[in-house]
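Read-outs: derived from the displayed coordinates by stated rules, not from any lab. As the structure is a prediction and not an experimental result, all values here were calculated from the model. Neighbour counts run over all protein chains shown; Cβ positions are idealised from the backbone, glycine included.
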Amino acid sequence: MKKQKYNIKIKDLSFSERPREKLIKSGPDNLKNYELLAIVLTTGSRNEEVMTMASRLIKDYGEKSLIKEKNAKSLSTNFNLPINKACQLIACLEIGKRFFKRDTYEKISFRCAKDVFAYLKNMSELKKEQLRGLYLNSQFQLIYEEIISIGTLDKNLLHPREIFKPAIFHSASAVIIAHNHPSGNVKASQDDLKITKKLIEVSKLLNIDLLDHIIIGDNQYNSLIKS
């Protein structure tokens, strides 16, 4: 699928094409995701107009990642977003989830690396490296998911507590971690292998299984823990 590229400035649009006016005239179903996001953000910053900001956020962060984000400071820092805009976005996403709450993890389970790749395949489109944690019950069903870090994995910066703290909090029996390589190459680096080895050791001490560490690239994946 060809990726969409948005670089639209609100001053370039006619009055009727602006997202708020389109919403009033035609309803939300006729707006693209970045247009809806621009309405939430209301205005841009001194250096970036709101339409450009909204499209950049979706392109760089990924829609699936964005909807799970809860940390306004992290969103602001990692994506060059004013803190007030980050708070607006987090609040909007949270209230949407509360109003229309449902068990989004119902019946999602993982039996092999291929299942994980199918679930997280969109990570291959992200421009920044992300580390995700999938937390499972004893039946290998997903009970919680978290974006653990954004940016290049570094064995000196990534501590096992960042991986296993959510597992303990949510009483998970097993964990799967996955990260993307924006280059598309899924070959494991030495840091990837060292981090995985360290996490396996910690998982044994905690009696929480680390089922897999998967690298996701351009329509491919690499499982670092062979069962």
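If I stretch the segment between Arg20 and Gln190 completely, what's the gain in nm (0.36 nm per residue apart, minus their alpha carbon distance), one decimal? Let's see the in-between values first.
Numbers: separation 170, 0.36 × 170 = 61.20 nm, distance 4.92 nm.
Difference between extended and current length: 56.3 nm.
Within the stretch 49-96, the trypsin sites (Lys or Arg not before Pro) that combine a DSSP coil assignment with at most 16 other C-beta atoms in a 10 angstrom radius are Lys70. Placing dummy labels 7 Å off each Cα toward the beta-carbon, the span from Asn30 to Lys198 is 5.4 nm. Taking amide hydrogens as placed 1.01 Å from N in the peptide plane, the amide H of Asn80 sits under 5 Å from that of no residue at least 5 positions away in sequence or on another chain. For Ser149, the amide hydrogen comes within under 5 Å of the amide hydrogens of Leu131, counting only partners 5 or more places away or on other chains and with H modelled in the peptide plane.
Working from Cα positions, state the angle (0 to 90°, nearest 10) between the long axis of helix 83-99 and the longest principal axis of the chain. Rounded to the nearest ten degrees, it is 80.
Among the listed pairs Lys32/Lys70; Lys165/Lys204; Lys204/Lys226, those with a Cα-Cα distance over 19 Å are Lys32/Lys70. Using the Cα gyration tensor of the stretch 10-99, with a ≥ b ≥ c the square roots of its eigenvalues, what is the shape: rounded (a/c below 1.5), prolate (a/b larger than b/c) or oblate (neither)? Oblate.
Note down the magnitude of the dipole of the chain about its Cα centre, charges +1 on Lys and Arg C-beta and -1 on Asp and Glu C-beta and zero elsewhere, to the nearest 20 debye.
Working: 38 positive and 26 negative charges, 46 e Å.
Here the chain has a charge dipole of around 220 debye.
How much FRET efficiency would the formula 1/(1 + (r/R0)^6) give for Asp115 and Cys87, where r is the Cβ-Cβ distance and R0 is 35 Å, rounded to 0.05?
0.50
Towards the positive end of the charge dipole of the chain, with charges on Cβ (+1 Lys, Arg; -1 Asp, Glu), say which of Ser55, Leu206, Ala91 has the farthest Cα. Of the options given, the answer is Ser55.
Report the full-extension gain for the segment Asn80 to Arg46: residue separation times 0.36 nm, less the Cα-Cα distance, to one decimal in nm.
On the way: separation 34, 0.36 × 34 = 12.24 nm, distance 1.21 nm.
Gain on extension, Asn80 to Arg46, equals 11.0 nm.
Compared with the dominant principal axis of the Cα atoms in the chain, helix 190-206 is inclined by about 70°. For the pair Lys68 and His159, the difference between a 0.36 nm per residue extended length and the Cα-Cα distance amounts to 30.6 nm. Between the helical axis of 50-61 and the longest alpha-carbon principal axis of the chain there is an angle of about 20 degrees.
Each label point was placed 7 Å from the Cα along the Cα-to-Cβ direction; for Lys107 and Glu129 their separation is 3.7 nm. Rg and Dmax over the alpha-carbon atoms of the chain stand at 19.2, 61 Å.
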